[in-house]
1. For the range 129-157, enumerate the residues that are open to solvent by less than 70 Å² (accessible area, probe 1.4 Å) and closer than 28 Å to A222 by Cα.
2. Can you find a residue in the range 245-252 that is surrounded by 13 or more Cβ atoms within 10 Å (Cβ to Cβ) and more than 30 Å from L399 (Cβ to Cβ)?
3. List pairs: first residue in the range 298-317 and closer than 12 Å to H335 by Cα, second residue assigned to a strand (DSSP E or B) and at pLDDT below 95 anywhere in the structure, Cβ distance under 8 angstrom, at least six positions apart or on different chains.
4. In the list R115, R73, R94, R105, which residue meets the criterion of being open to solvent by 80 Å² or more (accessible area, probe 1.4 Å) and in contact (Cβ under 8 Å) with a residue 40 or more places away in the chain?
5. Would you call E237 at pLDDT 95 or above and either farther than 30 Å from G58 by Cα or under 31 Å from the mean Cα position of the chain (by Cα) (or both)?
6. Name every residue in the range 76-86 that is open to solvent by 70 Å² or more (accessible area, probe 1.4 Å) and either under 57 Å from the mean Cα position of the chain (by Cα) or touching a residue at least 24 places away in the same chain (Cβ under 8 Å) (or both), in order of residue number.
7. What are the residues in the range 255-284 that are surrounded by 14 or more Cβ atoms within 10 Å (Cβ to Cβ) and aliphatic (A, V, I, L, M), if any?
Amino acid sequence: MEANEQPKKEKKRGGKLPVILAVVLAWVVLMASMAAILDARYVRFYLYGDETVTVECGDAFVDPGVYAVTAGRLFGESERHLPLSTLGEVDTSRVGSYVLRYTTRWAFSDYSTERTVNVVDTTPPVIELKTVEGYEPTWLTGYAEEGYTAYDICDGDLTGHVQRTAEADRIVYTVTDAAGNTATVERVLPKINYQPPVINLNGDQHMIVYASLNFTDPGFEAHDLLGNDLTDHVVCEGEVVPYAAGEYQLTYTITSDFGDTVTAVREVTVVPVEIPDTIMPGEKTIYLTFDDGPGPYTAGLLDVLKAYNVKATFFVTAANEKYFDQIGRAFREGHSIGVHSATHNYNKIYASEDAFFEDFFTMEDIIYDQTGSYTQLFRFPGGSSNTVSRFNPGIMSRLTKAMADMGYQYYDWNVSSGDAGETNKTNQIIENVKDGCSNFKTSVVLQHDIKDYSVAAVEEIIRWGMANGYTFRPLQLDSYAAHHGVNN
Ligand code: ZN
C-alpha cells in the first residue's frame, strides 16, 4: 500500500509542468490537424503511355506501366510509390475493348484509375498459292486448282472462305476476315493445250449383229494428247434393243469442264435371223400339235403315235417336272418339240418383253437338257391372237416381231379340237378335228396332251386321216404356221 501511494505524492509536488506539456501537446495536435486539413492529401496516379491504347490483333501487349503517390496542397507529392494491383486482362488474339483497372488503398480508402486497351484487326489475311511441280492443264478440266491456303492472324485458317473466280487467263482468289479486311491474290494461268482428246472404239464402227437376247458393246478408250486416260469420262448414250431388228446408234461423248465435247458414234444394225420360207406340202397334210404337256398321258400318246408311225409336235411347259423325260422321248422318236411356256402364267409372261424372254428361255433350257438341242419353234400361250395380254398394250405386236427377228417361228392353229373347255367328250373332239381338217388342205390341229379325253381321241383321228388321204407331219421351221393375226 505504501509503495503505491508514494508516486501520487510526487505528482502533486511538480504540479505545473504537466499542465504546460498538455497545453503544448494540444497546440501541436491542433496545428497538425489544421495542416492536414489544409494539405487535403489524396492519391494521384501517373499512367505511362496513353489512357487509351490501340493494339493490333496478334501483337503482344505490354502494359506501359503506372504508379501512384499521395499528393497534397500544402506538402506536395510524396516520393514514395504506393503499392498497386491491376485488375483486368488483355487478350490480343481477340478483337475487343479491354479495361485495365489499377487500384491502391491509402488511409482507409480505395483509389483507382483505368486504361482502355482496344485490340483491333486491320491486317488482311494472307493467301498463299500452291504450285504442283510438272503440272500441265488438260483439255478436260482446263486448269485444275493446284491448291491454296488463307490464314488470318486473328481469325486463323480461312482457306474454306476463299472465293475463287476463274477468268480467261487468271484466277482471282479473295478472302475477307471477320473484321472486314480483304485480301486478293491472282494466279496467272499457264497456257492450256486445248487439243481435244480422241475416243477410239473397239470393234467396228458399224456393227452388224443378228437379233438376240444380248448386245455387248465392244467398248472404247479415250486419251488426251498428254497421254491421260479419259475413258472413265466417256458417257455413252443410245440403246441397242438386241432382239429387235433395226438401226441403232451409240454416241460416246466426253465433255470438258468448259462444255467442249468430243464425240464418237457407233452404228449398230441388228439384222433378223433368217427363217426359211414356208413350203406348203403338196399333199393333204395334218400337223397334230399338243400343248401344255408333258403330263401323265404323254407316254400313252407317244405309244399310239409310234404304233401308227405318225409324227406330231409338242409345245411343252414346265408344269410337270416328273414327266420332263417325255420331252426327250418324243424328240428321239421323231416328233418336233417347241416352246410353249415355262409357267403359262399370262399375267407374268405378257407383263414385259424381258419377262416373256425369261420364261421362254427357261423352257428352252429344259428342252435342251432333255433333247441336247434348242428349238426354234414355239407357240404363244393363248395363241398370237390372244386378248388376255391386253393389260400390256402392244405386247403381242412387239413379241411377234422380236421373236421372228431372233429366228423363232411361232405357230398358231387353224383347227381347234375344242378340248380346252368347249367339250370333254372324246367323240366330240374327234368330230371337231374331222370337221376342221375337212376344210383345209393343210391343217394345224390344236389339242392338249394333259387332257386324257383328248389324248383318247388321237387314234381315231389318225385312222380317219389315213383313210382319207392325209399325211401326218411334224412342224418344221419352214412349215405352214397358221398365224391368226395379232390382236394386241
Ligand atoms: Zn397352253
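1. Within the range 129-157, the subset open to solvent by less than 70 Å² (accessible area, probe 1.4 Å) is 129, 135, 137-150, 152, 154-156.
Y135, P137, T138, W139, L140, T141, G142, Y143, A144, E145, E146, G147, listed by residue number.
2. Yes, because at least one residue in the range 245-252 is surrounded by 13 or more Cβ atoms within 10 Å (Cβ to Cβ) and more than 30 Å from L399 (Cβ to Cβ).
3. Matching pairs, first to second residue: none at all.
4. R94
5. Here the answer is yes, as E237 does meet what is asked.
6. E77
7. Those that are surrounded by 14 or more Cβ atoms within 10 Å (Cβ to Cβ) and aliphatic (A, V, I, L, M): V262, A264, V265, V268, V270, V273, I275.
One line per residue, one yes/no per condition, for (1) within 16 Å of the ligand (Cβ to nearest atom); (2) open to solvent by 20 Å² or more (accessible area, probe 1.4 Å):
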site	(1), (2)
E237	no, yes
T289	yes, no
T298	yes, no
L302	no, no
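The values are calculated or read from the model by the stated rules, or taken from the named source; none is laboratory data. This is a predicted model, so every value here is computed, not measured. No Cβ is skipped: glycine too gets one built from the backbone with ideal geometry, and neighbour counts run over all protein chains shown. SASA here: full protein model, heavy atoms, side chains in, ligands and nucleic acids out. Shrake-Rupley method; radii C 1.70, N 1.55, O 1.52, S 1.80 Å.
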